[in-house]
Structures are given as C-alpha cells and as structure tokens.
Amino acid sequence: MSTGAPDDYLVRFKAGDSAAFDELVSEMAPRLKGYFLRQGAQPSTAEDLVQNVFVRIIQNLPRYQPSGRLDAFCLHIARNLWIDNRRRSGREFSSEEANEGLDVQLGPVESADRDDRVVQLRAALGKLDQETRELLELAVLQQLPYKEVSMILDIPIGTVKSRVYYSLRRLRDRVQNLNPGNEA
C-alpha cells in the first residue's frame, strides 16, 4: 500500500484519476471486510461497514493529507466506524460472535488439510479481550508498522511493542497448553 508518494491512490484520485479510487477499493475492501468479520461483525454488517469506510474517505477527501500509510488511514477509519457501530448497538460482541464471521465453506481438500493447530489458534484468539484482538489484528494480521498501530490506537509505540510481544507469547503458550503433546 502506498506511503503518500505519487502512487498514493487518494492523491491520484484528487488529481483527477478516477481509476485510482477503484484500485483503492479493490485492494482494501477484502482487508476491511476481514477486519470487521474478525472484530465480530456479521457478514452483511461487515459489507455495510466497508462501504461506509469508502463513503467516509470520499467525504474527507478535501482534507486528506498523504502522511503515513494509506492502508493505516483506511484501517483507522474502519476502527472508528466499528467503535461507533458497537456503541449504537449498545452491546459488546462475544468471542463466539467474532469467530462466527470467520466460518467459510471449505471444499473436501481444504477441510482435509486444515490442521488442528489452526483450530486451536482460532479458539485461543477468540478468548482474547477486544483490545488485544484489535492490537493483533492491526500489528500482526494487517502487518501495519508499530508506528501506525500506535497512531490508530492512540497509545505509545513502546506500549504497542510490549503488548504485541506479550500477547503473542501468551497466545503461543495457550495454544501449546491446549495440545501439550505437540512440540512447537
């Protein structure tokens, strides 16, 4: 994803390249939908929220200043929309609901190849608190630099580093404890 350079989709779009916005949507929509599903949104809600991210981007386009990574900018908007959505609904989502949106129909080959470790990892991730899931989503799954995660979550970069480290360590220990016969 671009870093504010001339290939930044929004810079190109502001300059009149209408295809640039389509490229942004093509690149970011699946990532954003995955983000919302992993946060606990139902598939239809996730799709609505993805559309709202792009609406919000268009609404704020005149004020857009290319600094940092564009994917981090999009995920920051997505996070704010997700928080707003949770507030409007008036409830928190359980870990079971967060995992519900991840279930996909697998073919026989994929089902046969699915490893017990993946199931254990998904179960361990589902037991994490919302803050930790969100941190790991941004830092590990979305692979954003810690500086960007720090800005999105509004916490110091050192806090991001230590929380990611200790969260991954606890997660690894949980998965190993679920299946103590397996060596990592």
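Just so it is clear, none of the values below were taken in a lab; they were calculated from the coordinates. Just so we're clear, the structure is a prediction, and the values are computed from it rather than from any experiment. All Cβ positions, even for glycine, are placed from backbone atoms using ideal geometry, and neighbour counts span all protein chains on display.
At 7 Å along the Cα-to-beta-carbon direction for both D173 and E47, put a label point, then send me their distance in nm to one decimal.
For the pair D173/E47, the computed spacing is 4.2 nm.
Would you kindly state how much longer the chain becomes between I83 and Q65 on full extension, computed as 0.36 nm times their sequence separation minus their alpha carbon distance, in nm to one decimal?
Working: separation 18, 0.36 × 18 = 6.48 nm, distance 2.35 nm.
Here the answer is 4.1 nm.
So how far, in whole Å, is the C-alpha centre of the range 27-43 from the one of the range 121-177?
One Cα centre to the other: 17 Å.
With a/c under 1.5 counting as rounded, go ahead and sort the range 19-65 into rounded, prolate or oblate using the C-alpha gyration tensor (a ≥ b ≥ c being the square roots of the eigenvalues; past the cut-off, prolate if a/b is larger than b/c, else oblate).
Taking the square roots of the gyration eigenvalues as a ≥ b ≥ c, the range 19-65 is prolate.
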